[in-house]
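The structure appears right after this line, and notes come after that.
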Amino acid sequence: MYTILDGKTLAEKILLEIKKEIKENKFSPTLAVVIVGNNSASKIYVENKNKKAKEIGINSQIISFKENISQKNLEKEIEKLSKDKNIHAILVQLPLPKHINPQAIIEKIPPNKDVDGFHPYNLGKLISGNEPYAKACTPLGIIRLLEEYNINIEGKNVVIVGRSNIVGKPLAAMFTNQNATVTLCHSKTKELPKICKQADILVCAIGQSKFFNKNYIKKDSIVIDVGINKNSEGKLTGDVNFENIKEKTSYITPVPKGIGPMTIAMLMLNTLNLYKNSKKNKSQRKG
Ligand code: NDP
(Lines give C-alpha, C1' and ligand atoms only; values in the text may rest on other atoms or scores of the structure.)
Protein backbone atom coordinates (compact mmCIF):
# COMPACT_ATOMS: atom_id res chain seq x y z
CA MET A 1 0.00 0.00 0.00
CA TYR A 2 1.44 3.37 -1.00
CA THR A 3 1.18 6.77 0.71
CA ILE A 4 0.49 9.95 -1.22
CA LEU A 5 2.96 12.74 -0.46
CA ASP A 6 0.41 15.51 -0.14
CA GLY A 7 2.22 18.67 -1.23
CA LYS A 8 -0.93 20.76 -1.34
CA THR A 9 -1.84 20.27 2.33
CA LEU A 10 1.73 20.84 3.52
CA ALA A 11 2.06 23.94 1.32
CA GLU A 12 -1.15 25.36 2.82
CA LYS A 13 0.18 24.74 6.33
CA ILE A 14 3.47 26.49 5.54
CA LEU A 15 1.68 29.45 3.93
CA LEU A 16 -0.51 29.86 7.04
CA GLU A 17 2.60 29.84 9.25
CA ILE A 18 4.20 32.52 7.08
CA LYS A 19 1.02 34.61 7.15
CA LYS A 20 0.89 34.38 10.94
CA GLU A 21 4.54 35.35 11.34
CA ILE A 22 4.16 38.37 9.04
CA LYS A 23 1.03 39.56 10.83
CA GLU A 24 2.27 39.04 14.38
CA ASN A 25 5.56 40.82 13.74
CA LYS A 26 4.16 43.52 11.43
CA PHE A 27 6.69 42.48 8.79
CA SER A 28 6.48 44.01 5.31
CA PRO A 29 8.35 41.72 2.91
CA THR A 30 8.22 42.79 -0.73
CA LEU A 31 8.69 40.55 -3.74
CA ALA A 32 9.28 41.97 -7.24
CA VAL A 33 8.32 39.60 -10.04
CA VAL A 34 9.80 40.54 -13.41
CA ILE A 35 8.14 39.27 -16.56
CA VAL A 36 9.24 39.97 -20.13
CA GLY A 37 7.01 39.48 -23.15
CA ASN A 38 3.70 37.71 -23.64
CA ASN A 39 4.34 34.04 -22.88
CA SER A 40 0.88 32.99 -21.69
CA ALA A 41 2.09 30.20 -19.37
CA SER A 42 4.55 32.62 -17.74
CA LYS A 43 1.77 35.18 -17.26
CA ILE A 44 -0.37 32.60 -15.45
CA TYR A 45 2.54 31.52 -13.22
CA VAL A 46 3.34 35.13 -12.34
CA GLU A 47 -0.27 36.00 -11.55
CA ASN A 48 -0.60 32.90 -9.35
CA LYS A 49 2.53 33.81 -7.41
CA ASN A 50 1.34 37.41 -7.05
CA LYS A 51 -2.08 36.32 -5.78
CA LYS A 52 -0.64 33.84 -3.29
CA ALA A 53 1.85 36.41 -1.98
CA LYS A 54 -0.91 38.98 -1.39
CA GLU A 55 -3.10 36.42 0.40
CA ILE A 56 -0.44 35.91 3.06
CA GLY A 57 0.65 39.53 3.51
CA ILE A 58 3.64 39.67 1.18
CA ASN A 59 3.70 42.82 -0.95
CA SER A 60 4.10 41.63 -4.47
CA GLN A 61 4.72 43.74 -7.55
CA ILE A 62 4.57 42.44 -11.09
CA ILE A 63 6.97 44.40 -13.27
CA SER A 64 6.30 43.76 -16.96
CA PHE A 65 8.53 44.60 -19.89
CA LYS A 66 7.86 44.40 -23.60
CA GLU A 67 9.13 41.37 -25.55
CA ASN A 68 11.61 43.58 -27.44
CA ILE A 69 13.38 45.13 -24.44
CA SER A 70 17.15 45.05 -24.99
CA GLN A 71 19.57 43.10 -22.82
CA LYS A 72 21.15 46.35 -21.66
CA ASN A 73 17.86 47.98 -20.68
CA LEU A 74 16.63 44.89 -18.86
CA GLU A 75 19.89 44.76 -16.92
CA LYS A 76 19.44 48.43 -16.01
CA GLU A 77 15.91 47.75 -14.77
CA ILE A 78 17.14 44.87 -12.61
CA GLU A 79 19.84 47.15 -11.20
CA LYS A 80 17.15 49.66 -10.23
CA LEU A 81 15.21 46.98 -8.35
CA SER A 82 18.45 45.79 -6.75
CA LYS A 83 19.08 49.25 -5.30
CA ASP A 84 15.52 49.74 -4.05
CA LYS A 85 15.65 49.27 -0.27
CA ASN A 86 11.93 48.50 -0.15
CA ILE A 87 12.32 45.41 -2.33
CA HIS A 88 13.65 42.38 -0.52
CA ALA A 89 13.26 39.63 -3.14
CA ILE A 90 13.53 39.63 -6.93
CA LEU A 91 12.27 36.91 -9.23
CA VAL A 92 12.81 36.96 -12.99
CA GLN A 93 10.26 34.69 -14.64
CA LEU A 94 11.91 32.26 -17.07
CA PRO A 95 12.07 31.62 -19.97
CA LEU A 96 13.16 35.03 -21.25
CA PRO A 97 12.85 35.97 -24.96
CA LYS A 98 15.52 34.39 -27.16
CA HIS A 99 17.57 37.58 -27.64
CA ILE A 100 18.10 37.92 -23.86
CA ASN A 101 20.95 36.10 -22.11
CA PRO A 102 19.23 34.77 -18.96
CA GLN A 103 22.44 34.04 -17.07
CA ALA A 104 23.61 37.66 -17.39
CA ILE A 105 20.23 38.82 -16.05
CA ILE A 106 20.32 36.40 -13.10
CA GLU A 107 23.80 37.65 -12.26
CA LYS A 108 22.46 41.22 -12.01
CA ILE A 109 20.25 40.22 -9.07
CA PRO A 110 22.18 40.72 -5.81
CA PRO A 111 22.56 37.32 -4.09
CA ASN A 112 20.77 38.61 -0.99
CA LYS A 113 17.65 39.37 -3.10
CA ASP A 114 17.89 36.27 -5.29
CA VAL A 115 14.69 34.58 -4.16
CA ASP A 116 15.06 31.67 -6.61
CA GLY A 117 18.61 30.86 -5.48
CA PHE A 118 19.84 30.81 -9.09
CA HIS A 119 22.70 33.32 -8.71
CA PRO A 120 26.15 31.66 -8.99
CA TYR A 121 26.99 32.90 -5.47
CA ASN A 122 24.01 31.07 -4.01
CA LEU A 123 24.50 27.96 -6.15
CA GLY A 124 28.19 27.93 -5.20
CA LYS A 125 27.34 28.17 -1.51
CA LEU A 126 24.88 25.31 -1.90
CA ILE A 127 27.30 23.05 -3.77
CA SER A 128 30.07 23.71 -1.27
CA GLY A 129 27.76 22.62 1.54
CA ASN A 130 27.29 26.12 2.97
CA GLU A 131 24.15 28.19 3.55
CA PRO A 132 23.12 30.35 0.58
CA TYR A 133 20.77 33.33 1.00
CA ALA A 134 18.12 31.24 -0.77
CA LYS A 135 17.87 27.74 -2.21
CA ALA A 136 16.02 26.94 -5.45
CA CYS A 137 12.31 26.64 -4.64
CA THR A 138 11.37 23.35 -6.33
CA PRO A 139 14.28 21.32 -4.89
CA LEU A 140 13.73 22.93 -1.49
CA GLY A 141 10.06 21.97 -1.66
CA ILE A 142 10.96 18.35 -2.44
CA ILE A 143 13.31 18.06 0.55
CA ARG A 144 10.76 19.75 2.85
CA LEU A 145 8.02 17.34 1.72
CA LEU A 146 10.21 14.29 2.41
CA GLU A 147 11.04 15.69 5.85
CA GLU A 148 7.35 16.15 6.63
CA TYR A 149 6.80 12.42 6.13
CA ASN A 150 9.92 11.57 8.19
CA ILE A 151 11.60 10.01 5.19
CA ASN A 152 15.26 9.53 5.97
CA ILE A 153 17.58 10.70 3.20
CA GLU A 154 20.97 9.68 4.56
CA GLY A 155 22.47 6.68 2.77
CA LYS A 156 19.64 6.46 0.23
CA ASN A 157 20.30 5.87 -3.46
CA VAL A 158 18.73 8.89 -5.15
CA VAL A 159 18.28 9.02 -8.90
CA ILE A 160 17.27 12.38 -10.42
CA VAL A 161 16.25 12.44 -14.07
CA GLY A 162 16.62 15.96 -15.51
CA ARG A 163 19.71 18.14 -14.99
CA SER A 164 18.33 21.67 -15.32
CA ASN A 165 19.76 24.51 -13.27
CA ILE A 166 16.39 25.06 -11.61
CA VAL A 167 15.58 21.49 -10.58
CA GLY A 168 18.07 18.64 -11.11
CA LYS A 169 21.41 20.29 -10.37
CA PRO A 170 20.50 22.14 -7.13
CA LEU A 171 18.49 19.13 -5.97
CA ALA A 172 21.52 16.86 -6.51
CA ALA A 173 23.53 19.20 -4.27
CA MET A 174 20.83 19.24 -1.57
CA PHE A 175 20.58 15.44 -1.48
CA THR A 176 24.39 15.12 -1.46
CA ASN A 177 24.59 17.57 1.45
CA GLN A 178 22.18 15.27 3.30
CA ASN A 179 24.44 12.25 2.69
CA ALA A 180 22.46 10.55 -0.06
CA THR A 181 24.26 8.85 -2.95
CA VAL A 182 23.09 10.74 -6.02
CA THR A 183 22.95 9.83 -9.71
CA LEU A 184 21.96 12.70 -12.02
CA CYS A 185 20.56 11.52 -15.37
CA HIS A 186 19.66 13.31 -18.60
CA SER A 187 18.79 12.69 -22.24
CA LYS A 188 22.19 11.15 -23.03
CA THR A 189 22.09 8.71 -20.11
CA LYS A 190 22.43 5.08 -21.20
CA GLU A 191 20.22 2.34 -19.76
CA LEU A 192 17.96 4.80 -17.93
CA PRO A 193 15.42 2.16 -16.75
CA LYS A 194 18.21 0.09 -15.20
CA ILE A 195 19.59 3.10 -13.30
CA CYS A 196 16.15 4.25 -12.17
CA LYS A 197 15.40 0.74 -10.88
CA GLN A 198 18.23 1.11 -8.39
CA ALA A 199 16.69 4.22 -6.83
CA ASP A 200 15.34 4.30 -3.29
CA ILE A 201 14.17 7.81 -4.18
CA LEU A 202 13.45 8.56 -7.85
CA VAL A 203 12.89 12.19 -8.94
CA CYS A 204 11.38 12.64 -12.40
CA ALA A 205 11.87 16.10 -13.92
CA ILE A 206 12.06 15.83 -17.71
CA GLY A 207 8.81 17.43 -18.92
CA GLN A 208 7.43 14.39 -20.78
CA SER A 209 3.94 13.28 -19.89
CA LYS A 210 3.65 9.85 -18.19
CA PHE A 211 7.13 8.82 -19.37
CA PHE A 212 8.03 6.77 -16.28
CA ASN A 213 6.24 3.41 -16.03
CA LYS A 214 6.76 0.24 -13.97
CA ASN A 215 9.97 -0.59 -15.87
CA TYR A 216 11.69 2.33 -14.16
CA ILE A 217 10.55 1.66 -10.61
CA LYS A 218 12.12 -0.38 -7.81
CA LYS A 219 9.56 -2.03 -5.53
CA ASP A 220 8.71 0.09 -2.46
CA SER A 221 10.69 3.09 -3.69
CA ILE A 222 9.73 6.74 -3.21
CA VAL A 223 8.75 8.56 -6.38
CA ILE A 224 8.75 12.35 -6.76
CA ASP A 225 7.08 13.68 -9.90
CA VAL A 226 8.16 17.23 -10.74
CA GLY A 227 6.77 17.30 -14.28
CA ILE A 228 3.99 19.66 -15.28
CA ASN A 229 2.62 18.74 -18.70
CA LYS A 230 -0.73 19.21 -20.38
CA ASN A 231 -2.47 16.36 -22.18
CA SER A 232 -4.64 16.80 -25.29
CA GLU A 233 -7.68 17.67 -23.11
CA GLY A 234 -5.72 20.42 -21.36
CA LYS A 235 -5.48 18.37 -18.13
CA LEU A 236 -2.28 18.57 -16.05
CA THR A 237 -0.16 15.44 -16.08
CA GLY A 238 3.15 14.57 -14.50
CA ASP A 239 6.20 12.82 -15.93
CA VAL A 240 5.12 9.66 -14.11
CA ASN A 241 2.41 7.23 -15.17
CA PHE A 242 0.82 7.41 -11.71
CA GLU A 243 -1.83 4.72 -12.17
CA ASN A 244 0.68 2.30 -13.67
CA ILE A 245 3.29 2.58 -10.92
CA LYS A 246 1.56 3.67 -7.70
CA GLU A 247 1.16 0.14 -6.26
CA LYS A 248 4.85 -0.51 -6.73
CA THR A 249 5.89 2.52 -4.64
CA SER A 250 5.90 3.20 -0.90
CA TYR A 251 5.38 6.96 -1.32
CA ILE A 252 4.45 8.95 -4.41
CA THR A 253 3.61 12.59 -5.21
CA PRO A 254 0.50 13.35 -7.27
CA VAL A 255 0.26 15.86 -10.14
CA PRO A 256 -1.37 18.28 -9.49
CA LYS A 257 -1.22 18.83 -5.69
CA GLY A 258 2.31 17.56 -5.23
CA ILE A 259 5.49 19.51 -5.94
CA GLY A 260 3.76 22.46 -7.68
CA PRO A 261 2.19 23.93 -4.52
CA MET A 262 5.37 23.20 -2.54
CA THR A 263 7.36 25.29 -5.02
CA ILE A 264 5.10 28.31 -4.44
CA ALA A 265 5.23 27.85 -0.66
CA MET A 266 9.04 27.80 -0.77
CA LEU A 267 9.06 30.97 -2.86
CA MET A 268 7.07 32.71 -0.12
CA LEU A 269 9.31 31.26 2.59
CA ASN A 270 12.42 32.45 0.74
CA THR A 271 10.88 35.94 0.40
CA LEU A 272 10.20 36.07 4.15
CA ASN A 273 13.73 34.84 4.95
CA LEU A 274 15.36 37.40 2.64
CA TYR A 275 13.28 40.11 4.31
CA LYS A 276 14.30 38.95 7.79
CA ASN A 277 17.92 38.75 6.69
CA SER A 278 17.82 42.34 5.36
CA LYS A 279 16.48 43.57 8.70
CA LYS A 280 19.07 41.58 10.64
CA ASN A 281 21.88 43.14 8.62
CA LYS A 282 20.40 46.59 9.12
CA SER A 283 20.26 46.20 12.90
CA GLN A 284 23.81 44.79 12.91
CA ARG A 285 25.01 47.83 10.96
CA LYS A 286 23.26 50.15 13.44
CA GLY A 287 24.76 48.25 16.39
P1 NDP B 1 14.34 21.42 -18.80
O2 NDP B 1 13.70 21.31 -20.12
O3 NDP B 1 15.20 22.58 -18.48
O4 NDP B 1 15.22 20.11 -18.54
C5 NDP B 1 14.74 18.84 -18.85
C6 NDP B 1 15.78 17.83 -18.46
O7 NDP B 1 15.26 16.54 -18.75
C8 NDP B 1 17.10 17.96 -19.24
O9 NDP B 1 18.19 17.72 -18.38
C10 NDP B 1 17.00 16.85 -20.31
O11 NDP B 1 18.24 16.30 -20.68
C12 NDP B 1 16.18 15.81 -19.54
N13 NDP B 1 15.44 14.92 -20.43
C14 NDP B 1 14.54 15.26 -21.38
N15 NDP B 1 14.05 14.15 -21.99
C16 NDP B 1 14.67 13.10 -21.41
C17 NDP B 1 14.60 11.69 -21.58
N18 NDP B 1 13.78 11.15 -22.49
N19 NDP B 1 15.35 10.90 -20.80
C20 NDP B 1 16.19 11.44 -19.88
N21 NDP B 1 16.29 12.76 -19.65
C22 NDP B 1 15.54 13.58 -20.41
O23 NDP B 1 13.18 21.24 -17.77
P24 NDP B 1 12.92 21.81 -16.26
O25 NDP B 1 13.92 21.24 -15.32
O26 NDP B 1 12.73 23.26 -16.32
O27 NDP B 1 11.49 21.15 -15.99
C28 NDP B 1 11.27 19.76 -16.02
C29 NDP B 1 9.80 19.51 -15.76
O30 NDP B 1 9.49 19.96 -14.46
C31 NDP B 1 8.85 20.27 -16.70
O32 NDP B 1 7.69 19.48 -16.88
C33 NDP B 1 8.50 21.51 -15.91
O34 NDP B 1 7.26 22.05 -16.28
C35 NDP B 1 8.46 20.94 -14.53
N36 NDP B 1 8.70 21.91 -13.47
C37 NDP B 1 7.85 21.88 -12.44
C38 NDP B 1 8.02 22.72 -11.37
C39 NDP B 1 7.05 22.63 -10.24
O40 NDP B 1 6.88 23.57 -9.53
N41 NDP B 1 6.42 21.47 -10.03
C42 NDP B 1 9.09 23.72 -11.34
C43 NDP B 1 10.01 23.60 -12.44
C44 NDP B 1 9.80 22.73 -13.49
P45 NDP B 1 19.40 17.18 -21.41
O46 NDP B 1 19.99 18.04 -20.34
O47 NDP B 1 20.35 16.16 -21.91
O48 NDP B 1 18.71 17.97 -22.48
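Table for the structure above
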quantity	calculated
Inter-residue pairs, beta-carbon under 6 Å, first without any contact (Cβ under 8 Å) to a residue 24 or more places away in the chain and in the stretch 95-114, second assigned to a helix (DSSP H, G or I) and of a type outside the set (A, V, I, L, M, F, W, C), 6+ apart	Pro111/Tyr121; Pro111/Asn122
Positions within the stretch 98-144 being hydrophobic (A, V, I, L, M, F, W, C) and either modelled with pLDDT under 95 or more than 16 Å from Asn270 (Cα to Cα) (or both), in sequence order	Ile100, Ala104, Ile105, Ile106, Ile127
Residue ID - nearest to Ile106 (Cα to Cα), chosen from residues in the stretch 1-20 that are open to solvent by 50 Å² or more (accessible area, probe 1.4 Å) and more than 22 Å from the chain's Cα centre (by Cα)	Lys20
Residues of the stretch 188-216 classified as more than 9 Å from the ligand (Cβ to nearest atom), in a loop (DSSP other than H, G, I, E, B) and over 10 Å from Val240 (Cα atoms), total	6
Subset of the stretch 47-67 [touching a Leu at 6+ places or on another chain (Cβ under 9 Å) and either in a helix (DSSP H, G or I) or not aliphatic (A, V, I, L, M) (or both)]	Lys49, Asn50, Lys52, Ala53, Glu55, Asn59, Ser60, Gln61, Phe65
Yes/no for Lys190 being in contact with a helix residue (DSSP H, G or I) (Cβ under 9 Å, 6 or more places away or on another chain) and open to solvent by 50 Å² or more (accessible area, probe 1.4 Å)	no
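Let's see how each residue does on (1) touching a residue at least 60 places away in the same chain (Cβ under 8 Å); (2) not aliphatic (A, V, I, L, M):
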| position | (1), (2) |
| --- | --- |
| Cys204 | no, yes |
| Lys219 | no, yes |
| Val240 | no, no |
| Lys257 | yes, yes |
| Thr263 | yes, yes |
| Tyr275 | yes, yes |
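The values are calculated or read from the model by the stated rules, or taken from the named source; none is laboratory data. Note that this is a predicted model, so its numbers are computed, not measured. Every residue, glycine among them, receives a Cβ derived from its backbone with ideal geometry; neighbour counts consider all protein chains shown. Side chains included, ligands, DNA and RNA excluded: accessible areas come from the protein's heavy atoms. Shrake-Rupley method; radii C 1.70, N 1.55, O 1.52, S 1.80 Å.
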